[in-house]
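**Q** Please find one structure pasted underneath; my questions will follow.
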Amino acid sequence: MQIPYIYPLTEAKAHLGHLVSGVAASEHGPVLLGRRGVPDAALLAWADFDELRDELGALEAGTHVDVAAERVQHPSGPTTAPLSDLAPSIGAGDVVTFWPDLVTDLREHPSEALADVLVEIASGGLHGTPFARGTLGPEWRWFLVTENTDGPTGWHVIWRTTDDDVELVAALPISPLLHRTWRAGPEPE
C-alpha cells in the first residue's frame, strides 16, 4: 500500500521524525499535517486508516438513500436491455434491468471500471454491501468503484434485487474527500 499525503516530506521529518520513520517502515499510517509542518493530527496505524476510509465510504453511500428511493418511483418504471446499450465500452452481453436515471449517470461519467462492475452485478458475481438497517430493505445493495486518476473519479453503484432479477438504480459520484482516501500518494524518500 502506498502512503498518501505527506507534504512536504522535509518538514514532516523535522517535526515528526519518529512517525515518518514508522511510516517508511510501514508501522504507521498516513500523517496529516497542519500549517508550517505543525501536525494537527496523525493516524497511527494502517488498520485505523483503512477502517476510517471504509466507514467514510459507507456513510457517503448512506447519503444517497433518498435519491435511490426516489429514482424507483419513476413513472416509466424499469427497462430491460443489453448491457451494451447502457455503456458503449461493454460488448454484447447480459440483459439487465435498470431505472432510467442510470443512463444519465453513465453518460455523465463514462468509465471502463464502472462498466466492468455493472457486468459483475448483472451476472450475479458481485453481491455488494447492504445499506444500514432501517434505511432501505435488505434487497438494496451498494458498491464503491474507484479509478486511479487525478480528479475525483469514483462512484457508489446502487442496485436492488428482486425475486428473479437485479435492478440497477444509480451510479452516483463520490466526494473529492472520499476519492483522496483511495488515491495513491507519493512514496516516502
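**Q** Condition (residue is within 24 Å of Thr181 (Cβ to Cβ), β-branched (Val, Ile, Thr) and assigned by TED's automatic domain parsing to the domain that holds Asp85) applied to region 111-127: is it met by at least one residue?
**A** yes
**Q** Among the residues of region 111-132, which ones are surrounded by fewer than 13 Cβ atoms within 10 Å (Cβ to Cβ) and within 24 Å of Gln73 (Cβ to Cβ)?
**A** Selection gives Ala132 alone.
**Q** What do you reckon, is Val166 modelled with pLDDT under 90, closer than 19 Å to Thr97 by Cβ and out of contact with any His (no Cβ under 8 Å at 6 or more places or on another chain)?
**A** Spelling it out, Val166 is indeed modelled with pLDDT under 90, closer than 19 Å to Thr97 by Cβ and out of contact with any His (no Cβ under 8 Å at 6 or more places or on another chain).
**Q** Here's something else I'd like to know. Return the pair list, or none, for Cβ contacts closer than 8 Å from residues in region 105-120 that are touching a residue at least 60 places away in the same chain (Cβ under 8 Å) to residues that are part of a loop (DSSP other than H, G, I, E, B) and buried (at least 16 other Cβ atoms within 10 Å of the Cβ), at least 6 apart or on different chains.
**A** Here the result reads Leu106/Ala87; His109/Thr153, each pair linking region 105-120 to a residue that is part of a loop (DSSP other than H, G, I, E, B) and buried (at least 16 other Cβ atoms within 10 Å of the Cβ).
**Q** Which residues, counting only those in region 96-110, are surrounded by 13 or more Cβ atoms within 10 Å (Cβ to Cβ) and at pLDDT 80 or above?
**A** Hits for region 96-110 are Val96, Thr97, Phe98, Trp99, Pro100, Asp101, Leu102, Val103, Asp105, Leu106.
**Q** Looking only at region 133-145, filter to residues that are at pLDDT 85 or above and touching a helix residue (DSSP H, G or I) at 6+ places or on another chain (Cβ under 6 Å); which one of those is surrounded by the most Cβ atoms within 10 Å (Cβ to Cβ)?
**A** Top of the filtered list is Trp142.
**Q** Using the structure shown, decide if Pro75 is at pLDDT below 85, assigned by TED's automatic domain parsing to the domain that holds Val166 and farther than 16 Å from Ile158 by Cα.
**A** Judged against the criteria, Pro75 is not a match.
**Q** Now a separate question. Looking only at region 120-133, count every residue that is over 17 Å from the mean Cα position of the chain (by Cα) and not in a loop (DSSP other than H, G, I, E, B) and tell me the total.
**A** Looking only at that region, the number is 2.
The values are calculated or read from the model by the stated rules, or taken from the named source; none is laboratory data. These figures come from a predicted structure and were not determined experimentally. Glycine also receives a Cβ, built like all others from the backbone with ideal geometry; neighbour counts cover every protein chain displayed.
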